[in-house]
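In what follows, a single structure is set out as structure tokens and then discussed.
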Amino acid sequence: MSYVPPHDPFAADEFAARERAIDVVVDESMASQAGVLWSPDAAIIEHKGTWQEVWERFRKDKFAVMGLVVIAILVFVAITAPWIAPHDPTAQYDDGLTMQGMPVGSSSKFLLGTDTLGRDLLSRLMYGARVSLVIGIMANGLALILGVIFGLTAGFFRGSTETAVMRATDVMMAFPIYLLAVALVSVLKPSLWILIFVIGFVYWTPMTRVIHGEVLSIREKEFVAAARLTGCSNGRILYRHILPHLVAPIIVYTSLGIATTVLFEATLSYIGLGVQPPTPSWGQMIADGQNYYLSAPHLVIYPGLCIMLTVLAFNLVGDGLRDAFDPQQRRR
Amino acid sequence: MSTASAAVPDATDTVGLANGDNLVTIDDLVVHFPITSGIVFRHKIGAVRAVDGVSFTVKRGETLGLVGESGCGKSTTGKAILHLEKPTGGHVLYEGADLAHLSGRALRRQRRRMQMIFQDPYASLNSRMTIADIVGEPLLVHKLYPRGGRNQRVRELLELVGINPNTLNRYPHEFSGGQRQRIGVARALAVEPNFIVCDEPISALDVSIRAQIINLLQRLQGEFGLTYLFIAHDLSVVRHISDRIAVMYLGRIVELAENAVLYGAPMHPYTQALLSAVPIPDPEVEEKRRAVVLRGDVPSPADPPPGCHFHTRCPVMEEGLCDVEVPRLREVRPGHWASCHLVADTSYPHIRAGEDDCAEVEA
């Protein structure tokens, strides 16, 4: 029986014709190629992956690609520092200081000069990248894990769980986080792992809020209702249906978060609560060199540049990823 | 409603249960959405009465149309029947078993028998899953087929709804609206349900595609003996597909009858006004015809009027009766249910368009 609207003499033929067509194929768009497409031994039609599309859009953003290159170089330097650094970063060289005990400028032996103790600045910068990146990535990873777990449970289960988690987030956000971090680090003895823990702990709130907001909107979508009807358990709905939709915000906010975390580590190191000497860290190098900024400005400029470049690179990549994941929200 | 907390009702009490083989029985279903206030100490200050005491039965193998204007609670009713929306009160009996007592695993198992086809084919398919994953998930969750057979079954299902099975590795965004709706149908069919709630399955589709989906649904009904609850606001489509039709107004059912009876001789004043609004695609008839215009707007479901919900707009409203007493949905004639104080088995008020097109009683 075909669908004919009542009292419509014109529509009847058209609908009848379409009904006949339905028995064979479905959409008009398919009809012409039906013979080829429907044969069972035709190759399974492959799709173009989401990641490929994201990469193609990302690639068009020149600044983001530049940021990615900078990050790649940084990571390469950090990993290979023991092999490519010209000197031992903790060794104090006799010829690294002038007769008056002042740091020397750049020379063929010390490419970027030396610091106040006669150590090679370039080598220290290279090793400093390790500290910055390790803390940036690990602390952010911790914040990410906490944020996703809290945000997912709060957004999905609602009710009292949501109230508890989100009010705790509000309280955390109301804290001056630098003060909190300084207090925590001074109570616990500063070390690499303590730093990672503290920075991760004070930074889980923004991620929680972002994830919570996303989950609130996703859980109301019809495909979640459909999954529930299908018989999926809560765990399966969270993992298979909601989490994949959070990949974009997670990646974007992680890359932006790394920039903040690198800066945070530099700040803590600058006030002497970061990684302890003699391990080199950019923030601590600026602190050590600032008394000599007139006679030896390179002591401040180079680590400052490193921090700036790293933060800028991660921010550019984060922005680029945000645009690439969400073409509708492009600002250009 | 008063009986919301009552135990499973006496079966003979329920609307229409006497007439043969009932697959789904909805008894005094109530869905209220609380309106809350306060940030830390949340408290209820009111409720949107989306569904306010709805009772009807769906017979095995039939298509029951559920019509009403936007916001009258028809979609919420459909969702509450499947427990996607937790009912505030009332019962949904599937083959005599109450769903309200089920939760977790048992509810999930029961849901195998009841599925839904959603309104928006763009929102109802997970855009991060391939077609094979979407249609195959029900099979996986219910462990219906062994690993190898599952893929074969997915191909069968896709072919059944008219989708090229070779496209199963594609993502939803690579399909048109009509094709997506077919995929949604395939997913619903995967668990071999008996009862499917079609929640406005064609209103988001292009007009030229609607007939295809309607025909597909009818073909599948014939092939698998499916029972449909067909929710829609397109009266001509409902007329085409339904065996019986229920009309909803502001959270309640006002009239329920066989298709031909309802369209031929609607009894409830609201149904009469509603049906007069259906355009007739014949210019000569259309020119002479006049739609009945009801006075005022639909009252807010957060603060529905007392008595009959329709009395604020009803041209035959009787003071002291309609605005005080809630009319019961009763069987006025065999198989014809209406909830109006003024409808009797022999007579009922006839509504027509008056001078200013507003509804008035025919003398």
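The values are calculated or read from the model by the stated rules, or taken from the named source; none is laboratory data. The structure displayed is predicted, hence computed values, not measured ones. Virtual Cβ from ideal backbone geometry, glycine too; neighbours counted across all protein chains shown.
Worth pointing out:
- Residue B:252 within 19 Å of residue B:196 (Cα to Cα) and of a type in the set (D, E, K, R): no
- Among the residues listed as A:246, A:229, the single one being within 14 Å of another protein chain (Cβ to nearest Cβ), touching a strand residue (DSSP E or B) at 6+ places or on another chain (Cβ under 8 Å), aliphatic (A, V, I, L, M) and part of a helix (DSSP H, G or I): A:229
- The requirement of being in the same structural domain as residue B:215 (by TED's automatic domain parsing), within 23 Å of residue A:222 (Cα to Cα) and over 28 Å from the mean Cα position of the chain (by Cα) is satisfied by residue B:168.
Conditions tested, residue by residue: (1) touching a Cys at 6+ places or on another chain (Cβ under 6 Å); (2) within 29 Å of residue B:32 (Cα to Cα); (3) not hydroxyl-bearing (Ser, Thr, Tyr).
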| position | (1), (2), (3) |
| --- | --- |
| B:268 | yes, yes, yes |
| B:271 | no, yes, no |
| B:274 | no, yes, yes |
| B:307 | yes, yes, yes |
| B:344 | no, no, yes |
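- Residue B:98 buried (at least 18 other Cβ atoms within 10 Å of the Cβ) and acidic (Asp, Glu): no
- You will find that of A:88, A:95, the residue that is part of a loop (DSSP other than H, G, I, E, B), farther than 30 Å from residue B:286 by Cβ and at pLDDT 75 or above is A:88 and no other.
- Selection of region B:327-355 for residues being part of a loop (DSSP other than H, G, I, E, B), surrounded by fewer than 16 Cβ atoms within 10 Å (Cβ to Cβ) and without any contact (Cβ under 8 Å) to a residue 40 or more places away in the chain yields B:328, B:334, B:344, B:345, B:346, B:347, B:354, B:355.
- Test: residue in region B:147-155 that is within 9 Å of chain A (Cβ to nearest Cβ), among the basic types (Lys, Arg) and crowded, with 24+ Cβ neighbours inside 10 Å: no
- Of the candidates B:76, B:57, the single residue that is in the same structural domain as residue B:243 (by TED's automatic domain parsing), closer than 24 Å to residue B:274 by Cα and not in a strand (DSSP E or B) is B:76.
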